[in-house]
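S.K.: Once you've had a glance at the structure underneath, I'll fire off some questions.
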Amino acid sequence: MPAYKFLNQKYGLKSLYERRLRRTRISELNDPFELRPYDLTNASHRTVFLRTRDELAERYGLLCFSAGWNDPVIWSHYSDNHRGLCLGFDVPPSRQGEPQAKKVEYIDAPLPLPKNLLSMDEEQRRPIVDRMLYTKYRFWEYEKEIRVWTDLEEEFFDFCDGLQLVEVIIGAASPLPTGEITRALGSSVEQVKVTRASPAHNAFEIV
């Protein structure tokens, strides 16, 4: 599955030199409704739900990607106004010990929580938790987000077979020369395609 990570120049180069990405903690995400896709009007349900979310926040972090790299808004928001980099990865189907990538689902309104939430066991709550992890409000849909949840045992996640770097796209307004990218790639330069982005002439997209 193609997955693209947008970074500013400093952290883009750092990721290439070190061949790893920093995990994001739930508390660092920029959406106040993150992991809250449900209607939490019921106070008892809300208490149980938020406790579950807090437990997840202590154990897991995530890597956030986009399914595409052509949207100029994403470049503006996440790649320092087109001055940064976009790292393209190939994330294969999940195997034991490797991350699992899954696309986010976007919704118009909060989802209803089951009325028997409090009596559910852990196995019954699993689909509810899954919706928590991969559901957002539809106004974020332009991101076409792909998520990879991982344990927070380490702050960084190394590039590997489960997160294989295949492409580096230099932002349209980036002053970085291509040579700087190839130096950062080191011995992996032959396996990674390096291109420079530019605004399209006939559409509102980056090519």
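The values are calculated or read from the model by the stated rules, or taken from the named source; none is laboratory data. Note that the coordinates shown come from a computational prediction; the quantities given were computed from them, not determined experimentally. Because the Cβ atoms are built from the backbone with ideal geometry, glycine has one as well, and the counts that use them run over all protein chains shown. Quick note on the areas: whole protein, heavy atoms, side chains included, nothing else; ligands and nucleic acids left out. Shrake-Rupley method; radii C 1.70, N 1.55, O 1.52, S 1.80 Å.
S.K.: Under the rule of at least 5 residues apart or a separate chain, name every residue whose amide H is placed under 5 Å from the amide H of GLN164.
M.R.: ASP90
S.K.: Along the positive direction of the dipole of region 75-190 (beta-carbon charges: Lys, Arg +1; Asp, Glu -1; about the Cα centre), which of VAL166, HIS77, PHE139 reaches farthest?
M.R.: Looking along the dipole axis, the top candidate is PHE139.
S.K.: Here's something else I'd like to know. Counting trypsin sites (Lys or Arg not before Pro) as exposed when in a DSSP loop with at most 12 other beta carbons within 10 Å, what is the longest stretch of the chain free of them? Mind showing how you got there, number by number?
M.R.: Details: sites that count: ARG95, LYS115.
It runs 1-94.
S.K.: Can you give the longest run of the chain that contains no GluC sites (Glu not before Pro) sitting in a DSSP loop with at most 14 other Cβ atoms inside 10 Å? Show your work: numbers first, answer last.
M.R.: On the way: sites that count: GLU153, GLU154, GLU155, GLU205.
Formally, the longest exposed-site-free interval is 1-152.
S.K.: Please give every one of the lysines within straight-line cross-link reach of LYS144, meaning a C-alpha to C-alpha distance under 27 Å, and leave out same-chain neighbours fewer than 8 residues apart.
M.R.: Reachable lysines: LYS5, LYS10, LYS14, LYS102, LYS103, LYS136, LYS193.
S.K.: So what's the gap between the Cα centers of region 187-207 and region 19-43, to the nearest angstrom?
M.R.: Using only Cα atoms to place each centre, the spacing works out to 31 Å.
S.K.: For the chain, which span is the longest to avoid every loop-located (per DSSP) member of chymotrypsin sites (Phe, Trp or Tyr not before Pro) having at most 14 other Cβ atoms inside 10 Å?
M.R.: Details: sites that count: PHE33, PHE204.
The segment 34-203 is the longest one with no such site.
S.K.: Then there's this: Could you give the accessible area per residue of the chain, probe 1.4 Å, as a whole number in Å²? Spell out each step's value before the answer.
M.R.: Working: 11690 Å² over 207 residues.
Value for the chain: 56 Å² per residue.
S.K.: Restricting to DSSP H runs of at least four residues, report the calculated mean residue ellipticity at 222 nm for the chain, -39500 (n - 2.57) per run over all residues, nearest 500 deg cm²/dmol.
M.R.: On the way: 5 runs with 54 residues, N = 207.
Using -39500 (n - 2.57) per qualifying helix, the result is -8000 deg cm²/dmol.
S.K.: Let me ask something additional. Just the number, please: carbon plus sulfur as a percent of the accessible area of the chain, 1.4 Å probe, no ligands or DNA/RNA counted. If you can, show how the numbers build up before the last one.
M.R.: Values: 5760 of 11690 Å².
That fraction is 49 percent.
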